[in-house]
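To start, the structure under review is shown below, and the notes come after it.
What follows draws every value from the coordinates through simple rules; no lab data is involved. Predicted model only: the values in this text are computed from it and were never measured. Note that each Cβ is placed from the backbone with ideal geometry, even for glycine, and that neighbours are counted across all protein chains shown.
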Amino acid sequence: MIAQLISVIGQTALILLFSPLITGFSRTLKARLQTRRGPDLWQPYRDLHKLLRKGMVIPDTASWIFPATPYVLFATTLLAGLLIPTIAAQAPLSLFGGVLAVVYLLALGRFFLALGGLDTGSSFGGLGSSREMTISAIAEPALMLAVFTVALGAGSTNLSTVAESAVGQSWRFLAPSQMLAFAALFIVLIAETGRIPVDNPATHLELTMIHEAMILEYSGPYLALIEWSASMKQMVLMTLLVNVFFPYGLSADGSPAGMLISVLLFVFKLLILAFAVVLVETGNAKLRLFRVPELLAVAFVLSALALISTFLFGGHGG
Amino acid sequence: MACHWWARAASWTSRLFCGTALIAALLIGGAGLGGLLRGSELSWSLPSGVPYLNCAVRLDPLSSFFLLALAILAASVAVYSIGYLRSGVEGKSPAIFCSLLNLVLAGLALVFTAADVVFFLVAWEVMVAATYFLVVTNHEAEESRKGGLLYILMSRAGTGMLFIGFLLLASAAGTTDFRAMHASGDKLPAAAGGLAFLLLFLGFGVKAGIIPLHIWLPAAHPVAPSNISALMSGIMIKTGIYGMARVFFDFYGVLPAWAGMLVLLVGVVSAVLGVLYALMEHDLKRLLAYHSIENIGIILMGFGAALLFRSYGHPQLAALALIAGLFHTLNHGVFKSLLFLGAGSVLHSTHTRNMEKMGGLIRRMPATALYFLIGAIAISGLPPLNGFVSEWLTYQALLAGFGATTELTRVAFPVAGALLALTAALAAACFVKAFGITFLALPRSEAAEAAREVSLSMRTGMAVLALACAVLGLGASWILPAFDPMTQQAFGVSVSGNLVGGNGFILMAGSPQGGAVSTPVLAFMLVALSGIPLSLWLLWGRRQKRVTGPTWDCGLPGLTADNEYTATAFSKPLRMIFGSLFRPRREIQAEFEVSPYYPKAIHFESEIQPAFEKHFYDPIREGILRMARSMRLVQAGSLHAYLAYIFLTLILLLLFGVRG
């Protein structure tokens, strides 16, 4: 009981404190690849700190949905993070929800975020909500089918079981079904975290923004919570990818040295994935909104192929 | 004076009848609960004196479950109706309206308990006919008459199919008694058994609203008074589900795999197309009606999986899938009735069903908005409410199917799961639209501006259902053991022991390796984790200024309702993405004053093509009309010809009589 409490608190702290760093790392790296100096790694922390201490402006058209949204978004994203194995195969709350709970908790947060966008009455908010719900809806089947493929290989939708099933099979990710599912989930990751070529997190151009349009009216601490949740969501989805497909270093023993190695490996894996996302972002232009479904259709086909190859070759290679 | 007296009498009549309905509902609920808990069957019959009509009723676990669902919904609808009917029913006599309402409840209760084919069909027709009169309550409007006509026509076709299907089964059993008909489908030869299955599936499918037999549903549900819509979507279409459960799992001991595959396929198609059509609606009640089609699809996914598992010899998995389907039946009844009552309250206050004329109602009707939001979260399958639990069970059943069968058909299970995910995500998008456009931001018309909160009894009716959404979601693991008698009846196994763990707090997929979820823990953690931002706010934010200001609108002064996003605009991306399905048509006409940059007025029209009506039903209608025209040859209106026909018929009959 005590051990479980410690692991819950530890993972909460890890996600809360580490997630802005991934955002900072991506931004810095992106700037360097574009031969700009860019902000340094710690800028997201400064932004959050600054926003949390500022006053805020609430639109006079908004109802209680508007202030409730940041809290719901923050809590759902963080809770989704507690269901995912990070440094140990056993996630703190994995008993209480598997990958379906993760996906649906994120959906609950998105549901409120989209309502928050509509609540202000501004047409930008509606535009953002409409696009966000559309893109997430068509990303959903690809996400779920890829997740199912992995879950079927492991015989469980419990993420800790999925991660444990891979321990000892170092080359499992070379199985065709695993590689195809990874490719599908990578596309979904880009769509869900609002990165180029689907959405541009740095834009405030009216006609192209999605996520930014929904949160246009938020300011001060509420904005900080939403930005923080966006970082956490990115970390949650990235962790899902790296630990389901490359569960190296998920320490089974609780020794300090083992923990340290796990943490370092975990950070290393996340940064590699962040690097890959930045490479995609730098090498591509943003797609027109109505080309995004085609990209997500590719993801769906990839995950369908992953499923069929599980059927043909079995889920476990190597 | 007379008018005043009449209004008071009307108000008391409706109170009396709604009170009767409430008491009846509670009694029905008691019977249902008793039937479920008792485990053994109760039956009772009354000789009617009419040949073949044996008025037998029976309370077995399946009947008790549906009775209980009926009771929950009927009780809250009865409470809601007290306030809803206070101002009369669209100017009609509340006495007639309320007697019909009670007749429908009686019909429903008898449909769920009848234990004899003939008696079942009689109860079925009582329900159909009484509902027809309720649908056309507002018969001055052509829309109502058309919706009612379509409803009664489709129901007739459905009953016709049921008749033949039941006769085939009864002939195999040699009796019309339900108990003796258990597994009678297996005695029929394969072809006749398959035919009876198809006829009964389609016959009950008309009532349930499966695609492509759904067209009456979005026509009839919205035009009925809202308390009736809530009953129709909540429980009446579930008589189709009840019939299917009765036939699939009681009258057939085993069905070939194609039957399960067909049900699964129809489920998937109904779910995806139902939600896609719902997204295109901006009539609040039609939108909800299309969502009923979607949810019937989700229920049928569970039923289809259960049939497949049974034919592959996995009773445990079949029980899991059946529980998923039945639990979703109950859950959908609860949240859909809640949403229809919410829509009814909105309609009551704004006198419009058009979402483009609503907005800002959350400030004017805060309680209705809250209940509608709870229903919206539940129907979108979001945790921790009841929709999430039954969709989660459906996912687990579908995933279990991958390992349970050997052929390529097993790929169908995860693909069905992925399409269920698509359905749920689109439903969430649709309810962001429905709630956001209806309740949030600025009112889009004077009617919405002047809207008022509804009366206490209407709010109570909704509150009961909202509470039920929470209880069924958070308490699912304590409720699931109640399904054991039904799976025992259908497959001879009880699985709740495998589905519930962790002192009752955790819902499991039936195996230790399968997934697990715990809605109470998730809900608790959500509240606990909200403490983090709250404490940050207490730490820093409390002292900061909080200013209320106008919404930014590109620097233009003053946000007006014209600036707001509309329901049509909200669903535009999906209309374009699924353009090959919707075939949208739009027309824009602008009137200019001086230059094209300053339009005086813009007329915008957009509609989607109703594919099934156009490509499926129009040819059928044409065919029937053509046949009718050719009948005109013999029925030309000449009295002499008719007399000749009668004479000829008489002679023919006499000839037969002499020979026989």
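Which value, to two decimals, describes the C-alpha radius of gyration of chain B once divided by 2.2 N^0.38 Å? After normalising by residue count via 2.2 N^0.38 Å, the value is 1.03.
For segment B:269-312 versus segment B:577-638, the inter-centroid distance based on Cα atoms is 26 Å. Each of A:Leu216, A:Trp171, A:Thr282 was scored by the projection of its Cα onto the charge dipole of segment A:162-298, and the greatest displacement toward the positive side belongs to A:Trp171; charges sit on the C-beta of Lys, Arg, Asp and Glu. Farthest toward the positive end of the dipole of segment B:466-602, out of B:Gly473, B:Cys554, B:Ile588, is the Cα of B:Cys554, where the dipole comes from beta carbon charges about the Cα centre. Taking the Cα atoms of segment B:1-253, the ratio Rg/Rh between the radius of gyration and the Kirkwood radius comes to 1.00.
Note on segment B:205-233 and segment A:35-80: Cα centroid distance 44 Å, given to the nearest whole angstrom. The helix-based estimate of mean residue ellipticity at 222 nm for the protein assembly as shown, built from -39,500 (n - 2.57) per DSSP H run of four or more residues and divided by its residue count, is -22500 deg cm²/dmol to the nearest 500. 3J(HN,Hα) along segment B:640-651: 4, 4, 4, 4, 5, 4, 4, 4, 4, 4, 4, 5 Hz, from the Karplus curve 6.51 cos²θ - 1.76 cosθ + 1.60 with θ = phi - 60°, whole Hz, x for Gly and Pro. Per residue of A:43-56, other chain Cβ atoms within 10 Å of the residue Cβ number 2 on average. Peptide A:77-88 shows a mean partner chain C-beta count of 2 within 10 Å per residue C-beta. Close amide H partners of B:Cys55, meaning residues 5 or more places away or on another chain with modelled amide H under 5 Å apart, are B:Leu46, B:Ser48. Pairs from the table (B:Lys146/B:Lys336; B:Lys545/B:Lys572; A:Lys30/A:Lys50; B:Lys92/B:Lys336; A:Lys233/A:Lys286) lying more than 30 angstrom apart at Cα are B:Lys545/B:Lys572.
The alpha carbon gyration tensor of segment B:612-659 gives principal lengths a ≥ b ≥ c with a/c of 1.5 or higher and a/b no greater than b/c, which makes the shape oblate. Compared with the direct C-alpha span, the chain from B:Phe163 to B:Ala590 gains 148.1 nm at full extension, assuming 0.36 nm per residue.
Between the alpha-carbon centres of segment A:108-175 and segment B:418-466 there is a gap of 25 Å. The HN-Hα couplings worked out from phi for segment B:50-61 by the Karplus form 6.51 cos²θ - 1.76 cosθ + 1.60 (θ = phi - 60°) are 8, x, 6, 9, 10, 6, 9, 10, 8, 10, 9, x Hz, whole numbers, x standing for Gly and Pro.
Computed over segment A:2-313, the alpha-carbon pair-distance distribution with 20 angstrom bins reads 33, 60, 8, each value a whole percent. For peptide B:22-35, the mean count of partner chain Cβ atoms within 10 Å of a residue's Cβ comes to 0. Working from label points 7 Å from Cα in the Cα-to-Cβ sense, the A:Tyr248 to B:Arg86 distance is 7.1 nm. Each Lys and Arg contributes +1 and each Asp and Glu -1, all at the Cβ; summed about the Cα centre of chain A, the dipole is approximately 680 debye. Residues whose amide H falls under 5 Å from that of A:Ile58, counting only those 5 or more places apart or on a different chain, are B:Val547, B:Thr548, B:Gly549, with hydrogens built in the peptide plane.
Here the Kirkwood formula, the inverse mean of 1/r across different C-alpha pairs, assigns the protein assembly as shown a hydrodynamic radius of 29.7 Å. Between B:Ser43 and B:Leu59, the built amide H atoms are under 5 Å apart, and every one of these is 5 or more places off in sequence or on another chain. Each residue of segment B:344-358 was assigned a 3J(HN,Hα) from its phi angle through the Karplus curve 6.51 cos²θ - 1.76 cosθ + 1.60 (θ = phi - 60°); the sequence is x, 5, 4, 4, 4, 8, 10, 6, 9, 9, 7, 4, 5, 9, 9 Hz, with glycine and proline shown as x.
Principal axis analysis of the Cα atoms in segment B:445-596 yields extents of 79, 55, 41 Å, listed in decreasing size. Dipole magnitude for segment A:161-318: computed about the Cα centre from +1 point charges on Lys and Arg Cβ and -1 point charges on Asp and Glu Cβ, it is near 360 debye. Under a model in which nothing but the beta-carbon of Lys, Arg (+1) and Asp, Glu (-1) is charged, chain B shows a dipole of about 500 debye around its Cα centre. Only one residue of B:Val411, B:Gly492, B:Leu326 has its Cα farthest out toward the positive end of the dipole of segment B:260-531, where Lys and Arg carry +1 and Asp and Glu -1 on Cβ, and that residue is B:Leu326.
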